[in-house]
Structures are given as structure tokens and as C-alpha cells.
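Where a number appears in this text, it was derived from the coordinates with a stated rule and is not lab data. Please read all numbers here as calculations on a predicted model, not as lab measurements. In this analysis, Cβ positions are derived from the backbone assuming ideal geometry, glycine residues included, and neighbour counts consider all displayed protein chains.
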Amino acid sequence: MLFKQITEDKRGRKYVVDEHLKICSKCGRGWENVNKRIYHIAHIIYPLGAIPAIGKKKIPCPQCR
Ligand SMILES: [Zn+2]
């Protein structure tokens with residue numbers, strides 16, 4: 001959860017965009033790579049629906065790759 005920024009869509013709604021957050025194009029869950037030295041895991045996969053897909057890159061998560 002680094003480098004957060006707020007962005008607005010065409011209707012003026014604001015979203016938090018996290019450069020590190022991606023949406024899996026296969027299972028649809030949000031996920032991000034994390035610092036293994038801090039988290040002791042290489043990535044976090046969030047439950048389906050926990051992360052809004054808008055503004056996120058669509059990249060298959062490590063479990064679907
Ligand atoms: Zn996936």
C-alpha cells in the first residue's frame with residue numbers, strides 16, 4: 001500500500017489508486033506484491049470484491065499464473 005493517490009473519474013467520483021494494486025484478469029481478486037522482508041510473503045491476494053477494479057491494472061495473480 002505505497003504511493004497512494006486520489007483520482008477522479010468522468011463523473012467526479014474519487015477513487016484511491018494504488019500503483020501496486022492489480023486486479024487478476026482470471027479470478028477477479030485484487031492483489032499486490034509486497035516487501036518479503038516485511039511481510040514474509042511475496043504477495044497479498046484480497047478477497048473477491050474487496051478491491052474496486054476501477055483504475056487498476058488487469059494482471060493475473062500469482063495463483064492463476
Ligand atoms: Zn487470480
Under-17-angstrom lysine pairs by C-alpha in the range 17-58, whenever the two are 8 or more apart or on separate chains = 6
Can you check what the Kirkwood hydrodynamic radius comes to for the range 17-58, Cα pairs only, in Å to one decimal?
-> 10.5 Å
Which of Ile54, Cys24, Asn35 sits closest to the plus end of the dipole of the range 17-58, meaning its Cα is farthest towards the positive end, when Lys and Arg get +1 and Asp and Glu get -1 on the C-beta?
-> Cys24
In nm, to one decimal, how far is the Lys36 label point from the Thr7 one, both placed 7 Å along Cα→Cβ?
-> 2.9 nm
Determine the dipole magnitude for the range 17-58: charges of +1 sit on the beta-carbon of Lys and Arg, -1 on that of Asp and Glu, nothing else is charged, the reference point is the Cα centre, and the result goes in debye to the nearest 20.
-> 180 debye
